[in-house]
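Take a look at the structure below.
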Amino acid sequence: MNNSEPSLSPNSSHRDQSVWRKYLQPDLILGGSILSLTPQILAEHQLQGLILDVDDTLVPFKRSFASGELVEWVTQIRQTVDIWLVSNNLHQSRIRTIADSLNLPYLHGAGKPSRRKLRQALTAMNLPAHQVAMVGDRLFTDVIAGNRLGLFTIWVEPIMAKHLNSPSLRNLEVWLSMNLGVPLHQPPKLR
Ligand SMILES: [Mg+2]
């Protein structure tokens, strides 16, 4: 992050808190998994492209294949928008297997909240930033990266297998963000 971005020092001022809010506040809190993102919602926000996080957004971290439901969702959504996968995961074979099964382009090892690989996907889409959404389950990686690049940001619930525990790091991020004044409790808009 550059010098104009906030610090998390114990002496954080109100100004710092409002800057954190700017970066941590998603434009849309979906309130469900990515499977509840519909073409209607995309049209309402005039979105032409999606950059999707992979782990826990598309596929539970402990699985390595796309579910039938996800394949169906991608088939429907790609009729209206361009889609790229941008993952922080360093294991290319995992991300490539998932991307190939969905027939989608991907970038791995993105280091979000770095903007670098998001910008690379955005350039490949050849769309203005505000018409592209960064969609992910994590505030301090996906949402911050998207907001830093001026993308529309969509925060989703993790796509968890029922037997897996909820991810504690995500819960910590939510707690910290709410303590920084980010309102993350509003219900999704009814559509
Ligand atoms: Mg994730």
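Here are the numbers:
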item: Candidate set from the stretch 125-181 (those that are within 14 Å of the ligand (Cβ to nearest atom), at pLDDT 95 or above and assigned to a helix (DSSP H, G or I)); member that is surrounded by the fewest Cβ atoms within 10 Å (Cβ to Cβ); result: Phe140
item: Residue list for the stretch 94-114, restricted to those being surrounded by fewer than 17 Cβ atoms within 10 Å (Cβ to Cβ) and of a type in the set (Lys, Arg); result: Arg96
item: Considering residues of the stretch 61-93 that are within 14 Å of the ligand (Cβ to nearest atom) and charged (D, E, K, R) only, the residue surrounded by the most Cβ atoms within 10 Å (Cβ to Cβ); result: Arg63
item: Lys117, sole failed condition from (1) closer than 24 Å to Gly31 by Cβ; (2) surrounded by 21 or more Cβ atoms within 10 Å (Cβ to Cβ); (3) not small (Gly, Ala, Ser); result: (1)
item: Some residue of the stretch 98-110 being touching a Gly at 6+ places or on another chain (Cβ under 8 Å) and within 16 Å of the ligand (Cβ to nearest atom); result: no
item: Residue in the stretch 118-126 that is more than 17 Å from Leu47 (Cα to Cα) and either more than 14 Å from the chain's Cα centre (by Cα) or among the small types (Gly, Ala, Ser) (or both) present; result: yes
item: Lys22 being part of a loop (DSSP other than H, G, I, E, B) and either of a type in the set (Ser, Thr, Tyr) or surrounded by fewer than 16 Cβ atoms within 10 Å (Cβ to Cβ) (or both); result: no
item: Pair list, Cβ < 7 Å and 6+ apart or interchain, from the stretch 80-92 residues that are over 17 Å from Gly49 (Cβ atoms) to residues that are away from the ligand (no atom under 14 Å from the Cβ) and of a type in the set (S, T, N, Q); result: none
item: Hits in the stretch 47-60 - residues which are outside any strand (DSSP E or B) and either touching a helix residue (DSSP H, G or I) at 6+ places or on another chain (Cβ under 9 Å) or surrounded by fewer than 18 Cβ atoms within 10 Å (Cβ to Cβ) (or both); result: Leu47, Gln48, Asp53, Val54, Asp56, Thr57, Leu58
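The values are calculated or read from the model by the stated rules, or taken from the named source; none is laboratory data. Computed from a predicted model, the values in this text were never measured in an experiment. Ideal geometry is used to build each Cβ from the backbone, glycine not excepted, and the neighbour counts take in all protein chains shown.
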